[in-house]
1. Quick one: putting +1 on the C-beta of Lys and Arg, -1 on the C-beta of Asp and Glu, what dipole do you get for the chain around its Cα centre, in Debye to the nearest 20?
2. Kyte-Doolittle cut-off 0.0, length cut-off 24 Å along the helix's own axis using Cα: show which whole DSSP H helices in the chain pass.
3. Below 8 Å between Cα atoms, with a sequence gap of 6+, how large is the relative contact order for the chain in percent?
4. Over all alpha-carbon pairs of the chain, lay out the pair-distance distribution in 10 Å bins, whole %, shortest bin first.
5. Going by C-beta contacts inside 10 Å, put Arg78, Arg170 in order with the fewest on the left.
6. Quick one: among Val60, Val173, Val97, which has the greatest mean-square fluctuation in a GNM of the chain with alpha-carbon springs under 10 angstrom?
7. Sorting Ile177, Ile161 on the 10 Å Cβ count, fewest up front, what's the list?
8. Cut-off 10 angstrom, C-alpha nodes, Gaussian network model of the chain. Which of Asp52, Asp188, Asp198 fluctuates the most?
Amino acid sequence: MSDTLKQIAEKLYDGKNTEVAALTQQALGAGLTAAEILDGGLVTGMDRVGADFKNGDLFVPEVLIAARAMHAGMDILRPLLAESDVPLAGKVIIGTVAGDLHDIGKNLVVMMLEGGGFDVVDVGIDTSPEKFVEAVKMEKPDLVGLSTLLTTTMPSMEKTIDALVEAGVRGSVKVMIGGAPVTQAYADEIGADGYASDAASAVDLARALVA
Ligand code: B12
C-alpha cells in the first residue's frame, strides 16, 4: 500500500479531517484512482475504527470524530466515484421504525456503512412501513436496515417486514435489524435476515448479506 494511503487511514483513525482531505487530494494528484483511495485509505481506516469500537478501545465520540474525517475524504471522492462507475459495496436503506425517535445508534451505523463503502439512504426516524416500502421501490437497495431502541416499537419491525412481503419486494432485499432491545432470536422470529449488536458488526453483517 502506498505511504499516502497508509497516512490517510491513520489520520482518519485519529479523526484529523483537514489532514484526511489534504492527503486525499495529494493521492489524487499522485495518480491514484478514487477507488484505490476509498479502499486502501478511507475504508481501511474506518475498518480499524470499527474493530476497535467493537473491542472497546474506542467509544462513540471517537467514532463520530473519525466518521467526520471519513466524510472529509468522501466529499472529495464522491463526484469522482459517481463518474467512474466504481462498484460500491452495495446499497442500503436504513431507518428507525415507526413510533421511535432514537437515532444516535442508527446514525453511527450509517457512518460505519458509508465508511465500509456502502451507498446509504437514510430514511430517518419514526419511519412507517409504507415509507420503507416506497423507498425500496424507488431506490432498489440490496439491503434494508431497521433500528429501534424501544421495546414498545419492536413490533414496528415485524410490520415493516410484513409490508415488504405484501408489496412483493421482500425477495429483492435482505433485512437486518439492530438496536438495544432486539436480538438474533427476535430477528429469526420476525423473518429478518440478520441482527448485529453494534455499528462495526453491522458492516460485517451487511457485507455477508450482500455477498
Ligand atoms: C439518547 C436517548 C434518548 C433521546 C434520543 C435522542 C436521539 N436523537 O436519538 C431522547 C431524549 C429523545 C429519548 C427519548 C425517549 N426515550 Co430514550 N434513551 C436514550 C438513551 C439515553 C441512549 C440511547 C443511545 O443513543 N445509545 C447510544 C447508541 C450508540 O447505542 P444504540 O442506540 O444501542 O445503537 C447501537 C446498537 O444498538 C446498534 N444499532 C442501532 N441501530 C441499529 C440498526 C441496525 C440495522 C443495526 C444492524 C444495528 C443497530 O449499533 C449502534 C451503534 O453501535 C437510552 C438509554 C441507554 N443508555 O441506552 C434511552 C432509552 C432507549 N430511552 C428510553 C425511553 C423509555 C424513552 C422515552 C419513551 C422516554 C419518555 N418517557 O419520553 C422517549 C421515547 C421517544 C420516542 N418515541 O422515541 C428507554 C427505552 C426502554 C425500553 N426498553 O423500551 C431507554 C433504554 C432508557 C431507560 N433505561 O429507560 N431517549
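FYI, it's all coordinate maths here, none of it is from the lab. Predicted model, so just to flag it, every value in this text is computed and none were measured. In this analysis, Cβ positions are derived from the backbone assuming ideal geometry, glycine residues included, and neighbour counts consider all displayed protein chains.
1. Using only the charged Cβ atoms, the result is roughly 120 debye.
2. Working: long enough: 60-84 (33 Å, 0.73).
Span-like helices here: 60-84.
3. On the way: 371 pairs, mean separation 38.8, N = 211.
RCO, the chain: 18 percent.
4. Spelled out bin by bin, the chain gives 9, 35, 33, 18, 5, 0 percent.
5. Fewest-to-most ranking of Arg78, Arg170: Arg78, Arg170.
6. Among Val60, Val173, Val97, the largest GNM mean-square fluctuation belongs to Val60.
7. Values: Ile177 28, Ile161 22.
Listed from fewest to most nearby Cβ atoms, that is Ile161, Ile177.
8. Asp188
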